[in-house]
Amino acid sequence: MSDASWFVDFQDVWLAYNAELLAEQNFAVEAIDLKIKQGEFIAIVGPSGCGKSTFMKLATGLKMPSKGQITIGGQAVTGPLKISGMAFQASSLLPWRTTLDNVLLPLEIVEPYRSEFKTKRKEFAERARQLLQSVGLGGYEDKFPWQLSGGMQQRASICRALIHEPQMLLLDEPFGALDAFTREELWCTLRDLHARQKFNVILVTHDLRESVFLADTVYVMSKRPGRFVVQRHINLPRPRDLEVTYSKEFGDIVHELRGHIGAIRQTAVA
């Protein structure tokens, strides 16, 4: 594929957090080469502190590389991206706003929606209602965050990240604080949203089962300074049902990835 055909293109990207660390050649991530196709779902796994969250800051344009170049959506990244949405482990819903108003928040503060918000509020609210309906939150539009379960709050958080119809969704441990059953429900919610809307997804997770169930490709990061040491294509057919997580093929992939991370941890101890 030509460079122009990649939606995300990291070319030999290194990041030191400040000039002093750069002078010491102390990098948080190094030699990141990554090419992602339009609509692809990738997951990034690795030991704690390996640079996964640093990578996300680079992918959103919140941090600029010390070396190398990042191109997303055909444009060089020079600052925070407007074409991306983000959701984190903490849903961070504003407690004084209803579910609907929390979801609408990006449209109130991000251009070009901000300047149209008052005149198009009804249209935007309908879009938010449809999105909430699609993740099973129909009827909860007027509830406040404290009236929602943790899983419901996280569904609302994902809706908020998608309301401005971004081309890329960045998820940093979005389901890490939830119980196993709720987590699996939200895997299916995300699977269905991605199948319908075909946005790119970059998921950072510690959950290997989650990465294999959701992603087209899983990348394993080394210990700090983080670099990608394994690229594992997940050839399980789509759409994937939770039943696949009990299959030998699925278990073998999870076991393989666990072996890679175990080897990284051993080298870190050694």
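The values are calculated or read from the model by the stated rules, or taken from the named source; none is laboratory data. Quick caveat: nothing in here was measured; it's all calculated off a predicted structure. Counting neighbours? That spans all protein chains shown, and the Cβs are built from the backbone with ideal geometry, glycine included.
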Where in region 171-238 are the strands (runs of 3 or more DSSP E), entirely inside, with at least 2 residues that are surrounded by 23 or more Cβ atoms within 10 Å (Cβ to Cβ)? 200-204, 217-221
Please verify whether ARG121 is more than 23 Å from the chain's Cα centre (by Cα) and surrounded by 13 or more Cβ atoms within 10 Å (Cβ to Cβ), treating the condition exactly as stated. yes
Restricted to region 107-123, and to residues that are of a type in the set (Val, Ile, Thr) and part of a helix (DSSP H, G or I), which residue is modelled with the highest pLDDT? THR119
Total residues in region 154-181, condition of a type in the set (A, V, I, L, M, F, W, C) and out of contact with any strand residue (DSSP E or B) (no Cβ under 6 Å at 6 or more places or on another chain): 8
When only residues in region 92-101 that are assigned to a helix (DSSP H, G or I) and touching a residue at least 12 places away in the same chain (Cβ under 8 Å) count, which is surrounded by the most Cβ atoms within 10 Å (Cβ to Cβ)? THR99
Residue list for region 139-156, filter: part of a helix (DSSP H, G or I) and hydrophobic (A, V, I, L, M, F, W, C): TRP146, MET152, ALA156
Within region 124-138, how many residues are small (Gly, Ala, Ser) and in a loop (DSSP other than H, G, I, E, B)? 2
So how many residues does region 10-63 have that are within 14 Å of VAL77 (Cβ to Cβ) and of a type in the set (A, V, I, L, M, F, W, C)? 11
What is the number of the single condition among (1) of a type in the set (A, V, I, L, M); (2) in contact with a strand residue (DSSP E or B) (Cβ under 9 Å, 6 or more places away or on another chain); (3) closer than 30 Å to VAL254 by Cα that ALA90 does not meet? (2)
Could you list all residues from region 58-91 that are of a type in the set (Ser, Thr, Tyr) and surrounded by 13 or more Cβ atoms within 10 Å (Cβ to Cβ)? THR60, SER66, THR71, SER84, SER91
I'd like the full set of residues that are surrounded by 15 or more Cβ atoms within 10 Å (Cβ to Cβ) and either modelled with pLDDT under 95 or not aromatic (Phe, Trp, Tyr) (or both), limited to region 8-26. VAL8, ASP9, GLN11, VAL13, LEU15, ALA16, LEU22
Which one of the conditions (1) in a helix (DSSP H, G or I); (2) modelled with pLDDT under 95 does LEU104 fail to meet, given that it meets all the rest? (2)
Those residues of region 49-78 that are free of Cβ contacts under 8 Å to residues at least 40 places away in the same chain and on the phi > 0 side of the Ramachandran plot come to a total of 1
If you check every pair at least six apart or on different chains, which have Cβ atoms under 7 Å apart with a residue in region 120-136 that is touching a residue at least 12 places away in the same chain (Cβ under 8 Å) first and a residue that is basic (Lys, Arg) and crowded, with 20+ Cβ neighbours inside 10 Å second? VAL135/ARG155; GLY136/ARG155
Would you confirm, using the coordinates I've provided, whether PRO80 is modelled with pLDDT under 90 and touching a Lys or Arg at 6+ places or on another chain (Cβ under 6 Å)? no
Checking CYS159 against (1) more than 19 Å from LEU100 (Cβ to Cβ); (2) part of a helix (DSSP H, G or I); (3) within 16 Å of the chain's Cα centre (by Cα), which test does it fail? (1)
